[in-house]
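The values are calculated or read from the model by the stated rules, or taken from the named source; none is laboratory data. Worth saying up front: this structure is predicted, and the values here are computed from it rather than measured. Cβ coordinates were reconstructed from backbone atoms using ideal geometry, including for glycine residues, and neighbour counts include every protein chain displayed. Areas reflect the complete protein model, heavy atoms only, side chains present, ligands, DNA and RNA absent. Shrake-Rupley method; radii C 1.70, N 1.55, O 1.52, S 1.80 Å.
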Amino acid sequence: MLFHIIPTHVESGRWYGLSPHFYPQLISGLIIVFSLLMLSTCVLKPNRYQGQTLDLSWRRFFQFLVFLLTVALGFALIARLGTLLGAPLLIAAIALLMGERSWVKIVATATLPVAVAYLLVRYILLTSLP
């Protein structure tokens, strides 16, 4: 958000006082700072949370990286092929990574929300999806 969406999608326009980019960048920056603070608290004081220890391992870190890469590739696929093809593929990939093996559930979960969003955006809001 900080480096791509806000600079490229927020209109400059005429403004008085603070730039239109200021508040979205401030909010995004604070989310990043507080997320890092929460993560460091979890790592440095794992017993603080309901008496349970935090299970951090290299395996979980690798899983996180795989999920992050999957989402990034999914967004690139959506940008390249469009929402109607890219979004169901991304949802299906995430479902598979999370352990779902029922193809009926995967197909339903991957297609129905995208179809509803498409119909909502296209025929109720009268605009288009990327």
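Condition first: part of a helix (DSSP H, G or I) and either touching a Cys at 6+ places or on another chain (Cβ under 7 Å) or more than 15 Å from GLY74 (Cβ to Cβ) (or both). Now tell me which residues in the range 90-104 satisfy that.
TRP103, VAL104
For every residue, the table says whether it meets (1) at pLDDT below 90; (2) under 17 Å from the mean Cα position of the chain (by Cα); (3) at positive phi; (4) assigned to a helix (DSSP H, G or I).
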| site | (1), (2), (3), (4) |
| --- | --- |
| GLY13 | yes, no, yes, no |
| VAL71 | no, yes, no, yes |
| ALA79 | yes, yes, no, yes |
| PRO88 | no, yes, no, yes |
| ILE106 | no, no, no, yes |
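Counting only residues that are modelled with pLDDT under 75 and outside any loop (DSSP other than H, G, I, E, B), which one in the range 23-68 is most open to solvent (accessible area, probe 1.4 Å)?
Ranking the candidates gives ARG48 first.
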